[in-house]
1. Condition (residue is within 26 Å of Thr183 (Cβ to Cβ), in contact with a helix residue (DSSP H, G or I) (Cβ under 9 Å, 6 or more places away or on another chain), at pLDDT 70 or above and among the aliphatic types (A, V, I, L, M)) applied to region 67-82: is it met by at least one residue?
2. Please tell me if Ser261 is small (Gly, Ala, Ser), touching a residue at least 40 places away in the same chain (Cβ under 8 Å) and at negative phi.
3. Name every residue in region 138-159 that is surrounded by 14 or more Cβ atoms within 10 Å (Cβ to Cβ) and of a type in the set (Ser, Thr, Tyr), in order of residue number.
4. Is one or more of the residues making up region 213-236 assigned to a helix (DSSP H, G or I), of a type in the set (A, V, I, L, M, F, W, C), over 25 Å from Asp163 (Cβ atoms) and modelled with pLDDT of 95 or more?
5. Quick one: in region 27-42, of everything that is hydrophobic (A, V, I, L, M, F, W, C) and surrounded by 19 or more Cβ atoms within 10 Å (Cβ to Cβ), which residue is modelled with the highest pLDDT?
6. Return the residues of region 131-186 that are β-branched (Val, Ile, Thr) and either modelled with pLDDT under 95 or in a helix (DSSP H, G or I) (or both); say none if nothing qualifies.
7. Filter region 43-60 down to the residues that are farther than 11 Å from Arg82 by Cα and either surrounded by 20 or more Cβ atoms within 10 Å (Cβ to Cβ) or in contact with a strand residue (DSSP E or B) (Cβ under 8 Å, 6 or more places away or on another chain) (or both) and list them by number.
8. Taking the stated definitions as given, is Ile180 among the β-branched types (Val, Ile, Thr) and under 19 Å from the mean Cα position of the chain (by Cα)?
Amino acid sequence: MSTNLDPQLLTELLRHSPDGLAVLSAAPAAPRITYWNSTLAALLRRPEDWLEGRTLEEIEAEVPADPTQTITSNGVRVRLKRADGTQVECERWAVLLPQGPVALYYRPVPRRAPGVLAAALDRSNGLGTPEHLLEVLRRDWAIGQRDSVSLTLMRFEVDALKDYQEIFGRGAGENVVRQIGRTLGTAMRRASDVVARHGEDVFVVLAVGMEATSACRHAEQIIERVRALSIHHPRSPTGRYLTVSAGVVTAVPARDQGVESLLHAVDAALKQAMALGGNRVVSGSV
């Protein structure tokens, strides 16, 4: 096997690996994280720079007293501690590196029950499942009704994805959708934010306490980030590159309404954005 791989390319491959990755220092007393990837940060719902110098006790629940035993075991079940107080169950593998450091790989364990708050993340992009987002939305809707806190729902759809797939194939289409998913995930950095992939070409974002104008401005920035990826799309109706459209609704939950009103409103706003030609944000109301 050739080892002449461009270091920058290798870094990008590790950064976007579908498994969370952490490299621990060789210090026997208290090994600390010296390298990590964006997938692990997404699993923990933390900013990437938060992980530097952290110990296993800070990211895992119920770490055994002997850290050496912890980092050399293979294929064990662990639970990662998220910023919002929830936990996600993972399978963890360990690889001993030269000169003593240990690489840990975390893979979320799929959960079938939609009633579990820490539902399985989509391994391909570190995003939440639709079931998880809906459960958080119902919880936050009830809190919003009680405390008069606003909720923002954003719904993004890739413009003309089927045309892109006809040219480049479904595999290429899936790759760019995952790339867009990572872009959305990095744009929503608060611990309370939830980003979920919904179907083949749709993403839904839930945010708490945003003002309507700020929410629309943030959605516009996300659209610009996607366009800035410069993914060539020969049949794009909006220009040279692949783009997304968005519907955005911000509302304080009314006591006589359910979450369905917010879901219907954001869906209608997205349809209007698509009907207007795409690559734009349309603000809706409940």
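The values are calculated or read from the model by the stated rules, or taken from the named source; none is laboratory data. Bear in mind the structure is a predicted one, so any value in this text is a computation, not a measurement. Cβ placement follows ideal geometry from the backbone for every residue including glycine, while neighbour counts extend to all protein chains displayed.
1. Yes: one or more hits.
2. So Ser261 fails the test.
3. Listed by number, the residues that qualify are Ser150, Thr152.
4. Among the residues of region 213-236, at least one is assigned to a helix (DSSP H, G or I), of a type in the set (A, V, I, L, M, F, W, C), over 25 Å from Asp163 (Cβ atoms) and modelled with pLDDT of 95 or more, which makes the answer yes.
5. Checking each candidate, the answer is Ile33.
6. Correct list: Val136, Ile143, Val149, Ile167, Val176, Val177, Ile180, Thr183, Thr186.
7. Glu48, Leu51, Glu52, Gly53, Arg54, Thr55, Leu56
8. Working: among the β-branched types (Val, Ile, Thr): yes; under 19 Å from the mean Cα position of the chain (by Cα): yes.
In short, yes.
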